[in-house]
1. Looking at Ser384, is it closer than 30 Å to Thr147 by Cα, hydroxyl-bearing (Ser, Thr, Tyr), without any contact (Cβ under 8 Å) to a residue 60 or more places away in the chain and open to solvent by less than 30 Å² (accessible area, probe 1.4 Å)?
2. Filter the range 448-458 down to residues that are open to solvent by less than 40 Å² (accessible area, probe 1.4 Å) and within 20 Å of Glu378 (Cα to Cα) and give me whichever is nearest to the chain's Cα centre (by Cα).
3. Can you tell me which of Tyr49, Tyr40 is surrounded by fewer than 22 Cβ atoms within 10 Å (Cβ to Cβ) and aromatic (Phe, Trp, Tyr)?
4. Output the residues belonging to the range 188-218 that are open to solvent by 80 Å² or more (accessible area, probe 1.4 Å), out of contact with any strand residue (DSSP E or B) (no Cβ under 8 Å at 6 or more places or on another chain) and either among the aromatic types (Phe, Trp, Tyr) or more than 11 Å from Gly163 (Cβ to Cβ) (or both).
5. May I ask you to say which residue of Asp238, Asp171, Asp145 is of a type in the set (Asp, Glu), under 14 Å from Pro283 (Cβ atoms) and modelled with pLDDT of 90 or more?
6. Can you report the number of residues in the range 329-358 which are in a helix (DSSP H, G or I) and open to solvent by less than 10 Å² (accessible area, probe 1.4 Å)?
7. If Pro407 meets every condition in (1) open to solvent by 50 Å² or more (accessible area, probe 1.4 Å); (2) out of contact with any helix residue (DSSP H, G or I) (no Cβ under 6 Å at 6 or more places or on another chain); (3) over 11 Å from Leu456 (Cα atoms) apart from one, which number is that one?
8. If Ser441 satisfies all but one of (1) touching a strand residue (DSSP E or B) at 6+ places or on another chain (Cβ under 9 Å); (2) assigned to a loop (DSSP other than H, G, I, E, B), what's the number of the condition it fails?
Amino acid sequence: MSLHAAPLAEIPTRTAELVRIILPKGNTITQLRDCFGAVYSDDQFRSLYPTRGQPAYAPWRLALVTIFQFLEHLSDRQAAEHVRTRLDWKYALALELEDLGFHYSVLSEFRARLVAADQGEMLFNTFLQACRDHHLLKPGRQRTDSTHVLARMRVLNRLELIGETLRVALDDLATVIPETLCQVIPAAWWARYGRRVEEGSLPHSEPSRSELAQTIGEDGFFLMTSLLNDTALNPLLDRPALAMLRQVWLQQFQRELSGLGVTQIKLRAQEDTPPAESRRCTPHEAEARASIKRHTRWQGYKVHFTECCDEAGPRLITHVKTTPATQPDVQVNDTIQTELIARALRPETHLVDAGYLSGDGLVESQARGIDLVGPLRESSSWQSRTADAFDLSAFVIQWEQRQVTCPSGQVSTMWSERSLSWTRRPAVQVKFSASSCRNCSLQSRCTRAKSGVRTLGFPDRVTFEALQKARERAGQADFHLAYRDRAGIEATVSQGVRRFGVRVARYRGRAKVALQELSAATAMNMVRATQWLAGERPESTYRTQFARLQPAH
């Protein structure tokens, strides 16, 4: 396919006349065309196509259809059918009434081009710029929240995981070295790995399942050793399916040398497996990870939405970020603010929940001229959770003298500074003398250490004072007035889940899932922008008739 960019087509007269008859007031799609025009142009996608070859279907139309898919929650087949049959779609795409559209596979090819060229954000940013041109984008106050995204996969237990991983590796080898594979594998493997590994076909008793896991582990090592011992077959170990096999076997099995010099293969204990951020969940989705947040467990990804919340404009989404499910929210805050500033969308006030807030984040936001507002996480120390115990707030820090005074008046004897490896910011560690702590009458309220000596750890002065200021601010009576607007992002997440399907991945791979979330966010922005231009305003939270009877306090 090659791109031969052409001027944007005008809406055919017959199509426009019929739309005015059938949809005199219009709908979201026709209003979008009337207010924003075609939104995209072929020149934007020139880098995605070669200069020679069969002419491609107009990419500006494919871009709009990709967004319309999420606007109406359609599959590729359904979207291609709507191009042929829906009058409002023909109007937005400037097509004749008789136009038959394209084959549905063109849409997946178009997405693949966007992902390969890392141009997924172009769809999102182009419409944001159109909103800016219409003076709809007011980024003064913005808010951020995240939700989980379920990967396009079936949840597997450990026995299913190792069995399916080996089956996928064998299936991949069968396409490249069929004859060699038949000579290498034992006859029993045809029955064991000839079909997908399903829970219903596995043994039920624990001893039988352990025996099968042992057998699968030995089979996997046998296959990898056979490929490793043959120089001509060594490059096959780098294929994705074989790389996945190596990773899963490293995580799930261990080899031990017995007293007779025989290598034994054992399934690792559950607590001996790698942490969730590196543990593979399925051979079909290499980037999906298992995570837990409060009572929610899932395997997949996490998506972060940032939107404007200024009353003078529509609540447009300004930033979308798809991350691994195990990545904490606090690690994403810096990326969000940096990318917003790079696109001239720096928020004056950034409203977040406790998951995004940290001392480093407060300092960095202040340096960027951003007021980061949100509640801080409560301390996890036992002293902060015990009524009469002494947490860090009970100690007096003298920064200039590099010492700390405890509640009983004792002064610290050691003050050391070091840089934290994960933030590269300095931190302070303080220790009191053993004699003063062990002879103190308040020791039981201060420390439970076996040594009987209290030690303290806290960030550098700039970060510490930023945290103190944030805690004082959160304790003020009017804090809820400044922070209450953050709750509105929950409605955006709800709308994204109910109408645009942002919580269930349509595709496999984080890059494709990121394109899905960006397309869904663009669709939400299109709805909100057209509604705003049509005079519709966000409604306040609905209250039932019974709730309205509650007396005011």
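The values are calculated or read from the model by the stated rules, or taken from the named source; none is laboratory data. In this text, all values refer to a predicted model and were calculated from it rather than measured experimentally. Here Cβ is always computed from backbone atoms with ideal geometry, including for glycine, and neighbour counts include all displayed protein chains. Please note that ligands, DNA and RNA were not included when accessible areas were found on the heavy atoms of the full protein model with its side chains. Shrake-Rupley method; radii C 1.70, N 1.55, O 1.52, S 1.80 Å.
1. Answer is no for this residue.
2. The extreme case among them is Phe458.
3. Among Tyr49, Tyr40, only Tyr49 is surrounded by fewer than 22 Cβ atoms within 10 Å (Cβ to Cβ) and aromatic (Phe, Trp, Tyr).
4. Trp190, Ala191, His204, Glu206, Pro207, Glu211
5. On inspection, the qualifying residue turns out to be Asp171.
6. Counting residues in the range 329-358 that are in a helix (DSSP H, G or I) and open to solvent by less than 10 Å² (accessible area, probe 1.4 Å) gives 5.
7. So the condition that Pro407 fails would be (2).
8. All conditions pass for Ser441, except number (1).
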